[in-house]
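Report on one structure; see the data block that follows.
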Amino acid sequence: MPVVRSFRLKSWMLAVLALSAAAAHAEAYPARPIRMIVAYPPGGGTDIVGRMVAQKLGEALGQSVVVENRGGASGNIGTELAARAAPDGYTILMGNVAPNAINVSLFRQLPFDPVADFVPVSLVASTPNILVVHPSTPARTVREVTALAKAKPGTLNFASAGVGSSSHLAGELFRILAGADIVHVPYKGAGPAMVDVLSGQVQLYFATMPAAMPHVKSGKLAPVAVTSAKRSHALPELPTIAESGVPGYEASTWYGLLAPAHTPGAVITRLHEGVVKILANPALHEKLAEQGFEPVGSSPEEFGAHINSEITKWSKVIHDAGIRPE
C-alpha cells in the first residue's frame, strides 16, 4: 500500500506540474513571432486574406505574424508543411476550401488528413463566385442560361481555373442541380480562363469575386448571379443562383485559420480570441469587403463541423460529376 500511495502521489504531482506548465505556456504565448503558412503564391485570395489577418492578428497578440507562401500541388505542399509543424502555436495555416475540404476527394494519396492533422481555430472569411457571361451570350438570368443550355445541349462552355478549382466545382454543381448540359473547359489558372471568357471563346465562367469585379464594373462581362447562399454585400442587387430557380445551390470559397493537431487547447483559445477581436474591427471588415470577401468568424467547433460538411458535399459533387482522382 505505501508503494501504491507513493506511486499515486507522484502521478498526481506530475499531473499538477504538467497542468502548471501548460498554463504557464498559454500565459506566455506568444513569446516570439508566429509563422502563418499560405499554401498558394502571393496575390491570390488566400494570400490576400492571410496577409490582412496576419497584420491585425499580430497586433492583437502582441507578436508579429509572418506570412510564408508555400504554393504548389493545389495547395497540398504548404498544407502538408503546416500539418507536420511542431504543435506549439508558432506555425498556423490560413487554409481554404480546396486543400482542407476538396482535395481529399481529388487526390488518391493526399499527404495529410484535413481533419485528423489539424485543429480548427476559426472560419475567417468567404467569397462567392459569380456566374458571368460574355456579352455576346443571349442570356442574362439563371433561367435564361438554363433554358439556353437545354435548348442547345453541349454548346455552352464554362471555363475554370483548373480541374477541382472552385470555378470548376461551382460549374459542376450547377450542371447537376439545374440539369443544364454545359461543357467544362479547364485552364491552367484563373488568368488564362478569364482571357478566353473576355474574348468570347468561352461563354460562361463561375469566376471568383475579386477576379470578376473589375470586368463586371467595366461592362466587359455580364453578371448573372452569385453562388453563395445569401446575396453579396459587394453586389447586393445581384441574386443568388438558389433564389433564381436552382434551390439548394450554394458554393463559396472560404478561408479559415488552423493549427497542427495536438496544439494545446489554451493556445487555440488564445488564437481564437485574437481572431474574434480582429473580426470585430470595422477597418478589417471594410478592407475585406473591398476585395469581395465576407468576414465570417466562428468557434473552433463550428469551423470543424463546417469542414466536415464541406468534405461530404464536395465528395458527392466530384463523384456525381465523374471527376477521377489524380
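If you add up the charges near Tyr90, with Lys and Arg at +1 and Asp and Glu at -1, over every other residue whose beta carbon is less than 9 angstrom from its beta carbon, what do you get?
Numbers: positive: Arg32, Arg35; negative: Asp88.
Result for the local shell: +1.
How large is the dipole of the chain about the Cα centre if only Lys and Arg carry +1 and Asp and Glu carry -1, each at its Cβ, rounded to the nearest 20 debye?
240
Under 24 Å Cα-Cα from Lys217, which lysines qualify once same-chain neighbours fewer than 8 residues away are excluded?
Candidates past the 8-residue exclusion: Lys230, Lys287.
Would you work out which of Ser244, Gly95, Gly191 lies farthest towards the positive end of the dipole of the chain? Charges go on Cβ: Lys and Arg +1, Asp and Glu -1.
Most positive-ward Cα: Gly95.
Full-extension gain between Val276 and Lys220, please, as 0.36 nm times their residue separation minus the C-alpha to C-alpha distance.
Full extension from Val276 to Lys220 adds 16.3 nm.
Just the number, please: percent antiparallel of the DSSP beta bridges in the chain, rounded to the nearest 5. Provide the component values of the computation, followed by the final result.
On the way: 24 of 41 bridges.
Just about 60 percent of them are antiparallel.
Please find the FRET efficiency linking His233 to Ala73, where r is the Cβ-Cβ separation and R0 is fixed at 22 Å, and quote it to the nearest 0.05.
0.10
Highest mean first, what order results for 313-323, 169-179 on Cβ atoms within 10 Å?
169-179, 313-323
If you add up the charges near Ala151, with Lys and Arg at +1 and Asp and Glu at -1, over every other residue whose beta carbon is less than 13 angstrom from its beta carbon, what do you get?
+1
Based solely on its DSSP helices, what 222 nm [θ] is calculated for the chain when runs of n ≥ 4 H residues each add -39,500 (n - 2.57) and the sum is averaged over all residues, nearest 500 deg cm²/dmol?
-14000 deg cm²/dmol
Which peptide among 144-156, 196-208 comes first, and what is the full order, when sorted by highest mean count of other Cβ atoms within 10 Å?
Values: 144-156: 16.4, 196-208: 21.6.
Order by mean packing, descending: 196-208, 144-156.
Determine which aspartates and glutamates satisfy two conditions relative to Lys150: a Cα distance under 13 Å, and not lying fewer than 8 residues away in the same chain.
Asp181
Work out the FRET efficiency for Ala116 and Thr155 from their Cβ-Cβ distance, taking R0 = 35 Å, and round it to the nearest 0.05.
Computed FRET efficiency for Ala116 and Thr155 comes out at 0.20.
Under unit Cβ charges (Lys, Arg +1; Asp, Glu -1), what dipole magnitude, rounded to 20 debye, does the stretch 63-191 have relative to its Cα centre?
Values: 9 positive and 8 negative charges, 117 e Å.
Here the size comes out at about 560 debye.
Only the coordinates and a few stated rules stand behind these numbers; no lab work does. Everything numeric here is computed off the predicted structure, so don't read it as measured data. Note: ideal-geometry Cβ built from the backbone for every residue, glycine included; neighbour counts use all protein chains shown.
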